[in-house]
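Any read-out appearing in this document is the output of simple, stated calculations on the displayed coordinates, not a laboratory observation. Note that the structure is predicted; figures quoted are calculated from it, not measured. Here the Cβ is made from the backbone with ideal geometry for all residues, glycine too, and neighbour counts use every protein chain on show.
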Amino acid sequence: MDDLIKALKAVGFNPIVIDENFVFPKGAPIMGGCTFSNVGQGKTAKEAFKSLCHEATYEHGHGGYSGTIAEKRDFIMIFPASQTKSVDEARQIADDLIDNSDRRINDKWGPAGCIRVGEDLWYFFGWASS
C-alpha cells in the first residue's frame, strides 16, 4: 500500500486512503470524461444553463459524449446566488473543486457547478462524459 501511495504522489496525485484495501488518487482524471467551463447570460442561473446546453447541443450534435455542458441535465449552486464572484475567482474556485474531486461536481453524470459572476452572468463548470 505504501508503494502505491508513493507512486501516486510521484506523478502529482494526492491520494485519499479509504481503508487498508482501497486508495483513490485524488485529482485523477475521470475515465471517459473531461472538464468544461462556460459563462452564460440569463436573468436566472436556470435560464443561462438552458441556453448554454442548447447552444452546446447545436454546436456538438445530439449524439452525446461531447465533453460539453450539453451532457448535463442539472446544476448545483456552489455559493448562494446572492454572492457574486469575478470570473477569475470563479475559475480558480472551479479548478480547485475539480482538482480536489469535490463530491458536488465530481461526477460526469451528475450536476454541473454554478457560480454567479455578475449581473445576469453565471459560470458553469464540471466533468462531462466524452
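Determine which residues of the stretch 75-93 fall in the zone a paramagnetic label at residue 44 would reach in this model, i.e. backbone nitrogen under 19 Å from the point 7 Å along Cα→Cβ.
Within reach of a label on residue 44: 75-84.
Tell me, what is the FRET efficiency for residue 100 and residue 65 to the nearest 0.05, using R0 = 22 angstrom and their Cβ-Cβ distance as r?
0.30
With bins 5 Å wide starting at 0, give me the P(r) of the stretch 32-129 over every alpha carbon pair, in whole percents.
3, 16, 27, 27, 18, 8, 2, 0
Between residue 77 and residue 31, what FRET efficiency follows from the Cβ-Cβ distance if R0 is 25 Å, with the result rounded to 0.05?
0.35
Taking 7 Å along the Cα-to-C-beta vector as the label spot, tell me the residue 120-residue 55 distance in nanometres, rounded to one decimal.
Calculated label separation equals 1.4 nm.
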